[in-house]
Amino acid sequence: MTPTLRILILEDNESDADLLKRELKKSGLSFITEVVQTRTEFENALRTFNPDMILSDYSLPSFDAVTAFRIKQNKLPHIPFIIVSGTIGEENAVELIKSGVTDYVSKNKLFTLSTKINRAINDTQAWKEKVLTDEKLKVINLELSELNQELEIRVANRTKALAESESRFRIMMETIPQIAWTNTVKGEVVFYNQRWYDYTGLNSEQTGLRRFKAVIHADDFKTGVEQFSSILQSNDGGEFQIRIKRADGLFMWHLIRLMPIMDQQGQMQLWVGTATDIQELRLLQQHKDDFITIASHELKTPVTSLKASLELLDRMKDNPPSSTMSKLIVHANKSLGKVNALIEDLLNSSMANQGQLRIRQQDFILSEIIKESCNDINENGIYTIKTEGNMQIEVYADIIRIEQIIINFVNNAIKYAPQSKEILIYIEKVNDMAKVSVIDKGPGIKQEKLRYLFDRYYRAENSGSQYTGLGLGLYICSEIIKKHGGQIGVESELGQGSTFWFTLPVKKPIHGKTTDQLNKLIQPAFIS
């Protein structure tokens with residue numbers, strides 16, 4: 001439904017006003033009108049009638065169109081203002097239109113009025129729509145501006161947070177003790193920490209596949225690549241072991257771990273990898289496996305012999321030949337002694353490893369304990385044990401443990417230098433320590449093996465010879481000497497024999513009296 005147009009007519013001639021109304025009716029417009037003649041009426045009509053359009057005569061007795069137009073512009077600037085007059089002249093009409101008047105219609109050409117009214121209505125509607133659009137645009141632009149500012153703040157905060165997060169991540173990657181890196185979902189490495197460059201000796205320009213292949217052991221490369229690819233496809237992370245070459249050319253076992261990094265939507269972003277040096281763990285595992293094999297073999301031999309002796313004794317128990325029985329008992333006791341010695345070594349090794357090796361110290365003359373320890377060997381007549389040097393040195397130590405060391409050193413000399421029938425034990429004082437050296441004239445030991453002799457489970461082998469034992473004897477001796485505050489070592493040259501030595505603190509007089517003398521003086525005082 002077409003809205004009713006409110007038209008205000010400013011005209012002092014009633015017949016002209018009626019003529020305008022008839023012309024408006026001809027146009028088919030839906031409208032109502034109000035006719036005014038004076039300024040006061042005009043101003044009141046602007047306020048009360050609230051016209052949609054003004055048709056004004058150019059000249060009135062006490063009023064004119066120019067003044068009316070100015071008043072309208074002040075109160076209702078956007079409604080059309082059309083001058084309808086017969087006396088204005090074309091030039092004046094053009095000037096008025098330039099000043100803002102909507103249009104001009106000559107009273108002699110009122111048939112054009114409807115066309116100009118429709119055009120003015122359309123122009124006004126277009127202007128209103130433009131104003132409305134402009135207002136909406138202003139609101140939208142304001143909202144967009146606020147949103148843009150909010151987004152800029154969010155982006156700035158996010159950028160700062162990401163920078164801080166990346167900084168923390170890089171600091172973490174640089175401070176962890178392992179080699180660390182990040183790689184893309186496709187496996188391309190995009191970052192290595194400094195540990196990688198320090199360990200491999202490569203620089204930042206040497207991180208391609210060829211250089212990576214150069215630091216992975218050839219036997220591990222194919223398997224490592226397959227496991228690496230398998231983990232990338234799983235999206236769950238995983239680990240595997242390979243050998244990586246150090247800058248000095250040595251390959252060390254490393255545990256490779258890969259963990260995925262996801263975004264908030266659960267999408268894969270990148271992988272974080274670490275390489276942990278497990279060389280010592282691998283060696284320890286190998287030592288443990290070797291030790292279990294050796295221990296099983298060493299224990300099985302005397303146990304089997306002991307079992308055989310007991311089975312024979314069981315068969316002969318009802319009618320035993322005296323000589324055979326005696327030999328079997330001796331043989332069984334030897335086998336049992338070997339088992340007991342092996343078990344004792346295991347217990348001592350365990351206590352030494354846990355720092356629970358017991359030491360009971362007392363004063364004694366070192367040469368006397370050495371002679372007692374070697375009596376059985378000397379009486380056997382195969383080997384000769386000579387003790388020389390300072391025979392009067394007294395030490396403060398555990399007699400049983402020192403006997404254990406002497407016997408171990410002498411037995412090793414017999415085991416590894418069986419052709420050296422004479423073994424020399426030399427005692428001397430070096431500064432405030434007593435030094436005992438066990439010297440043989442055997443084949444000697446290679447220099448590269450000397451540093452390992454006192455390690456747990458280590459067993460020296462020469463020229464393919466296999467020796468019995470668990471590889472614990474010298475390790476236990478070392479721990480005993482450490483408990484006494486002394487030192488232990490070995491010197492050897494191939495073809496020149498070997499010298500195993502240790503030092504112990506000597507017994508020191510206190511205020512001119514020995515420890516034993518002081519104990520005798522102090523004891524009655526405590527008793528009384």
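Mind listing whichever residues of the stretch 178-206 are within 27 Å of Asp248 (Cα to Cα), assigned to a loop (DSSP other than H, G, I, E, B) and either in contact (Cβ under 8 Å) with a residue 60 or more places away in the chain or not assigned by the TED database to the domain that holds Gly266 (or both)?
Once the filter is applied, which keeps residues that are within 27 Å of Asp248 (Cα to Cα), assigned to a loop (DSSP other than H, G, I, E, B) and either in contact (Cβ under 8 Å) with a residue 60 or more places away in the chain or not assigned by the TED database to the domain that holds Gly266 (or both), the stretch 178-206 yields only Gln178.
Scanning the stretch 249-272 for residues being among the charged types (D, E, K, R) and at pLDDT 90 or above gives a total of 1.
This table checks each residue for (1) among the aliphatic types (A, V, I, L, M); (2) without any contact (Cβ under 8 Å) to a residue 40 or more places away in the chain; (3) touching a Lys or Arg at 6+ places or on another chain (Cβ under 9 Å).
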{"residue": "Leu5", "(1), (2), (3)": "yes, no, no"}
{"residue": "Lys25", "(1), (2), (3)": "no, yes, no"}
{"residue": "Glu34", "(1), (2), (3)": "no, yes, yes"}
{"residue": "Glu43", "(1), (2), (3)": "no, yes, yes"}
{"residue": "Asn50", "(1), (2), (3)": "no, no, yes"}
{"residue": "Met53", "(1), (2), (3)": "yes, no, yes"}
{"residue": "Asp57", "(1), (2), (3)": "no, no, yes"}
{"residue": "Phe63", "(1), (2), (3)": "no, no, yes"}
{"residue": "Arg70", "(1), (2), (3)": "no, yes, no"}
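Summed over the stretch 69-99, the residues that are in a helix (DSSP H, G or I), open to solvent by 60 Å² or more (accessible area, probe 1.4 Å) and of a type in the set (Val, Ile, Thr) give a count of 2.
Which one is most open to solvent (accessible area, probe 1.4 Å), of the residues in the stretch 356-375 that are over 18 Å from Ile476 (Cβ atoms) and touching a residue at least 40 places away in the same chain (Cβ under 8 Å)? The residue in question is Asp363.
Of all residues being modelled with pLDDT under 85 and open to solvent by less than 50 Å² (accessible area, probe 1.4 Å) in the stretch 208-223, which is nearest to Gly249 (Cα to Cα)? Just the residue, please. Even if it seems obvious, please write down each step before you answer.
Of all residues in the stretch 208-223, those modelled with pLDDT under 85 come to 208-214.
Imposing the further condition that a residue be open to solvent by less than 50 Å² (accessible area, probe 1.4 Å) reduces the set to 208, 214.
Numbers: Gly208: 19, Ala214: 11 Å.
If we take residues in the stretch 208-223 being modelled with pLDDT under 85 and open to solvent by less than 50 Å² (accessible area, probe 1.4 Å), then Ala214 is nearest to Gly249 (Cα to Cα).
In the stretch 100-116 there is at least one residue matching the filter, namely being among the aromatic types (Phe, Trp, Tyr) and either at pLDDT 85 or above or not in a helix (DSSP H, G or I) (or both). Across the stretch 101-141, the qualifying residues are those that are of a type in the set (S, T, N, Q) and more than 30 Å from Ser85 (Cα to Cα), and the one among them that is least open to solvent (accessible area, probe 1.4 Å) is Thr133. Leu250 meets the conditions (1) open to solvent by less than 50 Å² (accessible area, probe 1.4 Å); (2) over 24 Å from Ser167 (Cα atoms); (3) of a type outside the set (Lys, Arg) in every case but one. The failed one is (1).
On the basis of being over 17 Å from Ile179 (Cα atoms) and either outside the structural domain of Val189 (by the TED database) or not in a loop (DSSP other than H, G, I, E, B) (or both), does Gln233 make the cut?
On the way: over 17 Å from Ile179 (Cα atoms): yes; either outside the structural domain of Val189 (by the TED database) or not in a loop (DSSP other than H, G, I, E, B) (or both): yes.
Yes.
Okay, residues lined up against (1) in a helix (DSSP H, G or I); (2) in contact with a His (Cβ under 7 Å, 6 or more places away or on another chain); (3) of a type in the set (S, T, N, Q); (4) modelled with pLDDT of 90 or more:
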| residue | (1), (2), (3), (4) |
| --- | --- |
| Ile7 | no, no, no, yes |
| Leu20 | yes, no, no, no |
| Leu24 | yes, no, no, no |
| Leu29 | no, no, no, no |
| Ile32 | no, no, no, yes |
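A count restricted to the stretch 413-440 and to residues that are buried (at least 23 other Cβ atoms within 10 Å of the Cβ) and not hydrophobic (A, V, I, L, M, F, W, C) stands at 1.
Could you list all residues from the stretch 439-476 that are at pLDDT 75 or above and among the hydroxyl-bearing types (Ser, Thr, Tyr)?
Within the stretch 439-476, Tyr452, Tyr475 qualify.
Taken as a whole, the condition of being acidic (Asp, Glu), open to solvent by 70 Å² or more (accessible area, probe 1.4 Å) and in contact with a helix residue (DSSP H, G or I) (Cβ under 9 Å, 6 or more places away or on another chain) does not apply to Glu403. Cβ-Cβ distances below 8 Å connect the following pairs, each with a first residue in the stretch 231-258 that is over 13 Å from Asp219 (Cα atoms), a second residue that is part of a helix (DSSP H, G or I) and small (Gly, Ala, Ser), and a separation of six or more residues or different chains: Gly238/Ser230; Phe240/Gly224; Ile256/Gly224.
The set of residues from the stretch 385-440 being free of Cβ contacts under 8 Å to residues at least 60 places away in the same chain, in a helix (DSSP H, G or I), closer than 19 Å to Ser492 by Cβ and β-branched (Val, Ile, Thr) comprises Ile406, Val410, Ile414. Tallying residues that are open to solvent by 100 Å² or more (accessible area, probe 1.4 Å) and aliphatic (A, V, I, L, M) within the stretch 143-152 yields 0.
The values are calculated or read from the model by the stated rules, or taken from the named source; none is laboratory data. Since we're looking at a predicted model, the values are computed, not measured. Note that each Cβ is placed from the backbone with ideal geometry, even for glycine, and that neighbours are counted across all protein chains shown. Protein only, heavy atoms only, side chains kept; ligands, DNA and RNA dropped before computing areas. Shrake-Rupley method; radii C 1.70, N 1.55, O 1.52, S 1.80 Å.
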